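Everything on this sheet refers to the single structure shown next.
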Ligand SMILES: Cc1cc2nc3c(=O)[nH]c(=O)nc-3n(C[C@H](O)[C@H](O)[C@H](O)COP(=O)(O)OP(=O)(O)OC[C@H]3O[C@@H](n4cnc5c(N)ncnc54)[C@H](O)[C@@H]3O)c2cc1C
């Protein structure tokens, strides 16, 4: 074993051994807290839609969320504006109708890009889960997959009461990082193929118009930006659509992979320094009456891990506007890559619209696990387009419906009959642009 030593919790170790230590084993009997038909891990756009969809399909659903709020990057990351995808349908359409009725288009195949209150969305999703009979566990962070013979059995979760497990027939990984799938051994990729770099992270914040000039105060150690070119993204990017003096600002940028522990440590402190620098800049350049009113609880993560699924969505699929017989989501959101290597550029390219096939959510090695949301099987370029919230809601809704069908049919996720999946989605008011059926 050389210098590599393994220890198990409870085992004794000496000072000498601890210096050469490279790994610990960790074994413990963990109580089963609850069982459900479907356990969804991660309560962002994909997870909330997946949970509701499975519950509407008659299943008992548990939703595990590591933070105190649902909505994912939309609330936790304060990304409180929906990018347009040319398709306002299903769960997303319902959400718009119930929270942002003024923005609801008459037809589904329209684009909208409304700004919203992250606080209202957070409350809405809490109430939505309650009404739909979804059991939400907050402060419940997934820590381990328990699987055998190609089947997930349970997930181990860190809670306020310590470690607990949750059992289910079907699991849907909506952590955004594919944490459940990766822990269960599903192969994955991260970042650009040439160097593995992911899109940078951004700490979103809001400012509030006070109606009178405010006193500026730049904390020590925070950057001073004199010109637009000095700014972290080399541009000004904000929204003020709410008519209530709220300015939503997306102007920080820190290189790093949000799923890497050491990188996140650096990013969280650097991003907050940038927030104060950008606020100071804006207060000198057009927003003299605005105070800093809200900083997102965590720095927003655009891109981390993509599972290797039965199909991998590619740049070519997007650029060529490919259609698939097993379509589960449709979008025409642009290719949108914030430079991964520290440049101030953003690669933005319009696309006409394409399908995302069901197979992108299916890891080959496990029969009862789906991965929905931004961590689906997609290349670095393809994920830059499919990652926005409305698309993730659509993918989650499809995953919830598929998990329910897999239970009813007694089949693996990969064997879910697509016609049944489409019928189930149609019953949940999901509309596609045209009947699915082009080349697969
Ligand atoms: C800075 C930034 C700006 C963006 N701008 C826009 C925009 O303007 N408009 C737009 O529509 N989209 C935008 N996006 C993209 C969009 O917000 C995300 O891609 C989308 O929210 C992804 O949804 P998701 O459900 O896949 O994952 P996420 O939103 O990341 O949600 C994942 C959820 O899982 C939880 N979770 C993670 N790990 C665990 C665990 N171990 N156990 C339990 N729970 C866990 C998280 O707490 C979170 O609630 C932006 C993203 C960022 C970061």
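Where a number appears in this text, it was derived from the coordinates with a stated rule and is not lab data. Quick caveat: nothing in here was measured; it's all calculated off a predicted structure. Please note: Cβ atoms are built from the backbone with ideal geometry, for glycine as well, and neighbour counts cover all protein chains shown.
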**Report entry** Sequence of 125, 370 once ranked by neighbouring C-beta atoms within 10 Å, starting from the fewest
**Finding:** 125, 370
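Per DSSP helix of 4 or more residues, -39500 (n - 2.57); summed, then divided by the residues of the chain. What does that give at 222 nm, rounded to the nearest 500?
Only helices count here, giving -8000 deg cm²/dmol.
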Query raised in the report: Distance in nm between label sites at residue 103 and residue 308, each 7 Å beyond Cα in the beta-carbon direction?
Result: 3.8 nm
Report summary line: Yeah, the chain with a ≥ b ≥ c from its alpha-carbon gyration tensor (a/c under 1.5 is rounded, else prolate when a/b outruns b/c, oblate otherwise) is oblate
Query raised in the report: At a Förster distance of 25 Å, what's the computed FRET efficiency of residue 237 paired with residue 212, Cβ-Cβ distance as r, to 0.05?
Result: 0.45
Query raised in the report: From the Cα gyration tensor of the stretch 277-404, with a ≥ b ≥ c the square roots of its eigenvalues, which class applies: rounded if a/c is under 1.5, or else prolate if a/b is larger than b/c, or else oblate?
Result: prolate
Query raised in the report: Between residue 22 and residue 316, what is the spin-label point distance in nm, taking each point 7 Å from the Cα along the Cα→C-beta axis?
Result: 4.0 nm
**Report entry** Gained length - residue 341 relative to residue 31, 0.36 nm times residue gap less alpha-carbon distance
**Finding:** 107.2 nm
Report task. Just rank 108, 139, fewest to most, by other beta-carbon atoms within 10 angstrom. Result -> 139, 108
Report summary line: Fewest-first ordering of 291, 112, 172 by Cβ atoms within 10 Å yields 291, 112, 172
Report task. Mind jotting down the distance between the C-alpha centroids of the stretch 353-385 and the stretch 312-351, whole Å? Result -> 13 Å
Requested in this report: May I ask what percent, to the nearest 5, of DSSP beta bridges between residues of the chain are antiparallel?
Outcome: 65 percent
Query raised in the report: Hey, how many Å between the Cα centroid of the stretch 85-142 and the Cα centroid of the stretch 160-207?
Result: 22 Å
Requested in this report: Give the relative contact order (percent, whole number) for the chain; include only Cα pairs under 8 Å separated by 6+ residues.
Outcome: 21 percent
Query - Extended-chain gain in nm, criterion 0.36 nm per residue less alpha-carbon gap, residue 195 and residue 263 - result: 22.9 nm
